[in-house]
Amino acid sequence: MSKHADIRRITAPDIRARKGGEPIVCLTAYTAPVAQILDPHCDLLLVGDSVGMVVHGLPNTVGVTLDMMILHGQAVMRGAQQAMVVVDMPFGSYEASPEQAFGNATRVLKETGAQAIKVESGPSIASTIAFLVARGIPVMGHVGLRPQAVNVDGKFRAKGRDAEERKRVLAEAQVADDAGAFAIVVEGVDESLAPEITAAVKAPTIGIGASAQCDGQILVTDDLLGLFEWTPKFVRRYANLKAAIGQAAADYAADVRARRFPAAAETYALGGGKLRQPRVARGDKRG
Ligand code: KIV
């Protein structure tokens, strides 16, 4: 029996049932140790294709592949016990047809163990969402600023500036909802549009650069931690790990250069050809 057998993981119906209730807490995760840290605090962890930018240094999410998403999905599933885990479908893996999306989404669920996938739901994707949901794959939609459309939009640009654009985003949310999405990410929209979408759809809305009136919120964890150099306007930084990591590296470099590292307690003392108890720091299992 699994050591986690007694921990019940949050499911797509659980998230859906939170519509209009206690706000749904979501963050992105890409690695096992970070997923483990975030897990007790989150209802949902998204293995976002933002991994391409914040981990792999890509200029946008267009270059992210299905294999990358599966690798990171597997890592997050090893770290998270109770949060629902959703994996983003990368650009080019679902747009061609419902059959293409089903084949690739099936791979994601089988190879990672995650419970759902997310698609950036432009107007043409509604039939694909319905196709997947009817065949047992929970789908999260994503409307408003759609990062995978960056080459059409020219840049990452908030949506809902005029009546026509507001109508278009609202319609995208409505078709994703009608198609059976269990939740819908609303990214980078005018602050007054998000509550309108939230009131119009049955699925809970998860805001990012949207409004506190959404049913939940998500942020890219690296942004919240101050790890990524470019911070969008909508991010609140809860830590400055970039500075902390830089300082730790500088301290380490100074110690190495001054021969202060390693100290006696950080080395092995092997005597008389016999292995003596290694003098390693508590918790170091690599000795
Ligand atoms: O890729 C991602 O991290 C996302 C979130 C920003 C919602 O899609």
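The table for this structure:
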| item | result |
| --- | --- |
| Those residues of the stretch 63-84 which are part of a loop (DSSP other than H, G, I, E, B) and within 16 Å of the ligand (Cβ to nearest atom), in sequence order | Gly63, Val64, Thr65, Ala80, Ala83 |
| Criterion (touching a Lys or Arg at 6+ places or on another chain (Cβ under 8 Å), crowded, with 21+ Cβ neighbours inside 10 Å and under 20 Å from Val220 (Cβ atoms)) met by exactly one of Ala114, Ala83 | Ala83 |
| Restricting the stretch 4-30 to residues that are assigned to a loop (DSSP other than H, G, I, E, B) and under 18 Å from the mean Cα position of the chain (by Cα), the residue that is surrounded by the fewest Cβ atoms within 10 Å (Cβ to Cβ) | Thr11 |
| Check on Ala105, free of Cβ contacts under 8 Å to residues at least 40 places away in the same chain and buried (at least 21 other Cβ atoms within 10 Å of the Cβ) | yes |
| Of the criteria (1) closer than 22 Å to Thr106 by Cβ; (2) within 15 Å of the ligand (Cβ to nearest atom), which one Leu27 fails | (1) |
| For Val87: the one exception among (1) among the β-branched types (Val, Ile, Thr); (2) in a strand (DSSP E or B); (3) more than 17 Å from Val185 (Cα to Cα) | (3) |
| Helices (runs of 4 or more DSSP H) within the stretch 149-214 that include 3 or more residues within 28 Å of Pro98 (Cβ to Cβ) and over 23 Å from the mean Cα position of the chain (by Cα) | 163-178 |
| Odd one out for Pro59, checked against (1) modelled with pLDDT under 95; (2) within 14 Å of the chain's Cα centre (by Cα) | (2) |
| Scan of the stretch 35-62 for residues that are away from the ligand (no atom under 13 Å from the Cβ) and in contact with an Asp or Glu (Cβ under 9 Å, 6 or more places away or on another chain), ordered by number | Asp43 |
| Tally, over the stretch 143-177, of residues that are of a type outside the set (Lys, Arg) and within 16 Å of the ligand (Cβ to nearest atom) | 14 |
| Top-ranked residue of the stretch 178-233 - restricted to ones that are more than 11 Å from the ligand (Cβ to nearest atom) and of a type in the set (S, T, N, Q), ranked as surrounded by the fewest Cβ atoms within 10 Å (Cβ to Cβ) | Ser192 |
| Checking Gly287 against (1) assigned to a loop (DSSP other than H, G, I, E, B); (2) at pLDDT 95 or above, the condition it does not meet | (2) |
| Residues located in the stretch 90-125, provided they are modelled with pLDDT under 95 and part of a helix (DSSP H, G or I) | Pro123, Ser124, Ile125 |
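The values are calculated or read from the model by the stated rules, or taken from the named source; none is laboratory data. Because the structure is a prediction, the values reported are computed rather than measured. So basically every Cβ, Gly included, is an ideal-geometry build from the backbone, and we count neighbours across all protein chains shown.
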